[in-house]
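The values are calculated or read from the model by the stated rules, or taken from the named source; none is laboratory data. Keep in mind that what you see is a predicted model, and the values were worked out from it rather than measured. Positions of Cβ are generated from backbone atoms using ideal geometry, with glycine treated the same way; all protein chains shown enter the neighbour counts. All accessible areas refer to the heavy atoms of the entire protein, side chains included, with ligands and DNA or RNA removed. Shrake-Rupley method; radii C 1.70, N 1.55, O 1.52, S 1.80 Å.
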Amino acid sequence: METRIQEKLSPFHLAILIYMTQSGMVIFSLSRRLAEQFGTNGWLAVPLVSLMVCANILLMAVVYRMGKGKSIFDIMEQSISKIILFPLYLFLLLVWSLIGCLVAKQYLLVFQMIAFPTTNPMLFKLVFDILAFSLIIKGVYNISKAAAVFFWSIIWMVFLLFYFYYDFKWARLTPFIFQDSTITIQSFSNIYLAFLGIELCLLLFPYINKKSKFTKSILAANLFVTLMYTYLGFVSFGFYGHNYLKTLQFPLLSMFAYIQFPFVQGTEILFYGFFMFSIIITSVMYLWAAKETCARIIPINGKLITAGILLFSYFVAYIPDVMSVVEKWLTVLGYFEFGISFGLPLFLISLLLLQRKNER
């Protein structure tokens, strides 16, 4: 954790940081997932899943108010010995560092596939990790400022969706809702993975105050993500139809390829490149969370911890060498993170209740 905190996150920077953390690689496959899990008009499931995220945000808001802005690590260590907490810290460290690593690996594998098929993706990963290191060591406040700059670099791309209105067909949406699917709890959890990143708000408590308007800022970020996902899903279902969406690995990338300019070839490569700004913030925030956790286990210089985590994640990235394996790893880690997003706040609330009881 940064020991000297000169400035707190503003509501704008907090909201943008969370939005950029949430909108990772899943956006490229989201429409396919909605078609597979919910069938016709599956895009309508996005607001339903968003309600689950809102419940998660409210749990975190309860932790923030009950803990009076204390670090979650301080809350846990006030009631439980560090020795007992070691397995939990190690678990969080592994999950967050692997997610940060594999989100970047997935992005770079796709980039290699469409732009540099003969180049080793680990060369790109090395450059990516150097950029990540330079951001992480600057601290979360500077990461939030970078996220704000990156946000304006990619938000204009939402207007590209208007390009598809000419071939948009209402008939492809059909008048039916959630047909050709078997909706289960897993269906909702699979879509919930697209909203992951929100749980990292728990680590931001020491970097915010009342002026940051924690709950409102996080809810605003989630609302913006929900609107973006819903709009993208709506356009995708009207452009392709739910049956065809199921056959596309990355529907958004296919939509980018559909856009043609007389002065540019390979538009999907151009537009995909802009998403590196979003991916690097997602990866950096998970790696930063891993660094903060590792600092509680090994209280040494933050730069050394960051270098160690990035070195570890770089060599781990060699193991899943094809896209299908990377996606399987990310899915498994996503389910772990789903459990963390609800389990950790509930655990913290129970500890805070016990602490209040003991104080009396």
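Summary table below
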{"item": "Dipole of region 165-242, positive end: most advanced residue of Asn222, Val235, Tyr166 [Cβ charges, Cα centre]", "result": "Asn222"}
{"item": "21 Å Cα-Cα reach of Lys70 towards lysines, excluding residues that sit fewer than 8 places from it in its own chain", "result": "Lys8, Lys82, Lys210, Lys211, Lys213, Lys216, Lys291, Lys357"}
{"item": "Alpha-carbon centroids, region 106-139 and region 251-283: separation in whole Å", "result": "16"}
{"item": "Distance in nm between pseudo-label sites at Leu44 and Ile185 (7 Å out along the Cβ direction from Cα)", "result": "2.5"}
{"item": "Region 324-360 versus region 66-104: alpha-carbon centroid distance in Å", "result": "9"}
{"item": "Segment Asp321-Leu346, length gained on full extension (0.36 nm per residue, minus Cα span)", "result": "5.4 nm"}
{"item": "Most fluctuating residue given options Gly42, Gly24, Gly266, as computed from a GNM of the chain linking Cα atoms under 10 Å", "result": "Gly266"}
{"item": "Cα-based helix-to-principal-axis angle, 26-38 vs the chain, degrees rounded to 10", "result": "70"}
{"item": "Alpha-carbon Debye profile of region 105-241, log10 I(q)/I(0) at 0.21 Å⁻¹", "result": "-1.37"}
{"item": "For region 245-258, 3J(HN,Hα) per residue [Karplus equation, 6.51 cos²θ - 1.76 cosθ + 1.60, θ = phi - 60°, Hz, x = Gly/Pro]", "result": "4, 5, 8, 9, 6, 10, x, 5, 5, 5, 5, 4, 5, 6"}
{"item": "Full-stretch length increase - Met113, Leu353 - with 0.36 nm per residue and alpha-carbon distance subtracted", "result": "81.3 nm"}
{"item": "Residue with peak Gaussian network fluctuation, the chain [Cα springs, cutoff 10 Å], from Pro121, Pro11, Pro262", "result": "Pro262"}
{"item": "Length-normalised contact order of the chain in % [C-alpha pairs under 8 Å, at least 6 apart]", "result": "43"}
{"item": "Coarse-grained scattering of region 158-227 at q = 0.15, 0.24, 0.28 Å⁻¹, given as base-10 log I(q)/I(0) from a Debye sum over alpha-carbon atoms", "result": "-0.83, -1.12, -1.19"}
{"item": "Heavy-atom accessible surface of region 110-169: percent carbon and sulfur, 1.4 Å", "result": "72"}
{"item": "Bins of 10 Å, starting at 0 and running to the largest distance - Cα pair percent for the chain", "result": "5, 24, 34, 24, 10, 3, 0, 0"}
{"item": "Under Karplus coefficients 6.51, -1.76 and 1.60, residue-wise ³J(HN,Hα) of region 334-351 in Hz, glycine/proline x", "result": "x, 5, 4, 5, 4, x, 5, 4, 9, x, 5, x, 5, 4, 5, 4, 5, 5"}
{"item": "Derived scalar couplings ³J(HN,Hα) [region 156-173; Karplus, 6.51 cos²θ - 1.76 cosθ + 1.60; whole Hz; x for Gly, Pro]", "result": "4, 5, 4, 6, 5, 5, 5, 4, 8, 5, 5, 9, 6, 10, 4, 4, 5, 6"}
{"item": "Size of charge dipole - region 226-360 - debye, nearest 20, with Cβ of Lys, Arg +1 and Asp, Glu -1, no other charges", "result": "540"}
{"item": "Shape box of region 236-295 [Cα atoms, principal axes, largest first, Å]", "result": "50, 33, 15"}
{"item": "Surface/4 of the Cα convex hull for region 116-160, nm²", "result": "4.5"}
{"item": "Computed [θ] at 222 nm, helices only, for the chain once each DSSP H run of length n ≥ 4 contributes -39500 (n - 2.57)", "result": "-23000 deg cm²/dmol"}
{"item": "Stretchable slack from Thr267 to Lys82, in nm (0.36 nm times residue separation minus alpha-carbon distance)", "result": "61.4 nm"}
{"item": "Projected label distance in nm at Leu126 and Arg65, using a 7 Å step from Cα toward the beta-carbon", "result": "5.2"}
{"item": "Simple Cβ-charge dipole of the chain, Lys/Arg +1 and Asp/Glu -1, about Cα centre, in debye nearest 20", "result": "1060"}
{"item": "Relative packing of peptides 165-176, 75-86 - highest average C-beta neighbours within 10 Å first", "result": "75-86, 165-176"}
{"item": "Hydrodynamic radius by Kirkwood, which averages 1/r over all alpha carbon pairs of region 236-360, in angstrom", "result": "19.0"}
{"item": "Accessible surface, per residue, of the chain when the full set of protein chains is kept, probe 1.4 Å, Å²", "result": "45"}
{"item": "Shape box of region 7-108 [Cα atoms, principal axes, largest first, Å]", "result": "50, 29, 28"}
{"item": "Helix 11-22 vs. the chain, principal-axis angle (Cα, 0 to 90°, nearest 10)", "result": "60"}
